[in-house]
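Note sheet for the following structure.
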Amino acid sequence: MKQKPPGLHLQGVSKQFGRKSAPVLAVNDVSLTVDRGEFIALLGPSGCGKTTTLRLIAGFERVDAGTIEIDGALMAGNSVHVQPERRRVGMVFQEYALFPHVSALANIEFGLRRMPPAEKRARTQEILEMTGLAGLEGRMPHELSGGQQQRVALARALAPNPALILLDEPFSNLDAGLRARVRAELGEILHAAKATAIFVTHDREEALSMVDRVAVMLDGSVKQMASPHELYTNPATRSVAEFIGDANFLPGFGQGDTIECELGVLAARKQIRGPVDILLRPENIELLPAQPGLPAARVRHSLFFGHDQLITVQLPTGTHLIARSGPSDAYVSDLPLQLAVRSPVVAYPRKK
């Protein structure tokens, strides 16, 4: 049986802006594949090229190099540029872009104008139930909460059964308390719909908690694409490690399966030799009572967050590390401690 093509495939996609004499390369040789029904995040800081990549996929911008395929059909590249309305792509914008003068129902039905009436009613009811909007369809956009407006925008994008859903920072207009609940709802809806979806965000917590895989974009290119767990625990480069979460780096010397450093001999996740920088996540550092006769680290500062706390400790050499601890332990300034590492570490060859 012939295997179906992926939901989305980008190969060597590049885009530049500005004058020919001084072009700015916004997207640089981006290649990625999204399986059908997969939900991925494009994660990166402002100016990294993630929104431009989304606009290239949608057809709002033309590629300068490379190709874009949706469900196996060429949409861009090789002198081809399929217009946005012909790409079967649903879009959810930052500001939702609802029509303010018509009801939630009319907003959702917008993409179903050419569908037979009976089929349209059935599809609309299915989408209302899927998105938790049943009973709210008669309300005007201004009568809905921010979370409800977002669900209407998602329902409108899902209604025509597009090949691909694109979401451009959809939580940026929500307050912090509502954001966590709405993003959980959105993830459940997209997975229930078995939609192929790409979600652009600069918020690493949003990306790690919602999607099947994360593509980290830095300086216009994808540096790593992996599951949230793999990305956090085994980042491919130091720059990805720093961007994806709180990180300490400690110099050491790789000896194959182990690494020697100021904290002793640590197990390495993979073989490495020579001078290295060891990645230590704060939660991977264990704070223990000082032992008589052994050099001790000293507490220099603590930040209490309720659910946990961050403790800055100074090693005997003067190096500072940040450790994460539970809320019940008290760490006063200058308290002596021993440090241990909970699990094998990732390390990167030290740059000369």
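What the table shows:
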read-out: For segment 171-194 and segment 4-48, distance of Cα centres in Å; value: 24 Å
read-out: For segment 342-352, 3J(HN,Hα) per residue [Karplus equation, 6.51 cos²θ - 1.76 cosθ + 1.60, θ = phi - 60°, Hz, x = Gly/Pro]; value: 6, 8, x, 10, 9, 9, 10, x, 6, 6, 7
read-out: C-alpha center-to-center spacing [segment 277-352, segment 65-121] in angstrom; value: 51 Å
read-out: Per-pair calculated FRET efficiency, R0 = 56 Å: GLN291 and ASP203 via Cβ, rounded to 0.05; value: 0.85
read-out: Convex hull volume of the chain per residue (C-alpha atoms, cubic angstrom); value: 196 Å³
read-out: Calculated FRET value between SER21 and ARG324, using beta carbons and R₀ = 51 Å, to 0.05; value: 0.55
read-out: Peptides 44-51, 328-335, 226-233 ordered by average Cβ neighbours within 10 Å, highest first; value: 44-51, 226-233, 328-335
read-out: Contour excess over end-to-end distance, with Cα ends at SER333 and SER46 and 0.36 nm allotted per residue; value: 99.6 nm
read-out: Spin-label pair GLN94/SER31, simplified geometry with 7 Å Cα→Cβ offset, distance in nm; value: 3.2 nm
read-out: Packing rank of 9-18, 198-207, 171-180, where each peptide gets the mean count of other beta carbons within 10 Å, highest leading; value: 198-207, 9-18, 171-180
read-out: FRET efficiency, 1/(1 + (r/R0)^6) with R0 51 Å, evaluated for ASP219 and ARG273 via beta carbons; value: 0.95
read-out: Pairs of lysine residues in the chain - Cα separation under 21 Å, sequence separation of 8 or more or cross-chain; value: 9
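Laboratory data are not the source of any read-out in this text; all were calculated from the coordinates shown. What you are looking at is a predicted structure, and each value in this text was computed from that prediction instead of being measured. Here the Cβ is made from the backbone with ideal geometry for all residues, glycine too, and neighbour counts use every protein chain on show.
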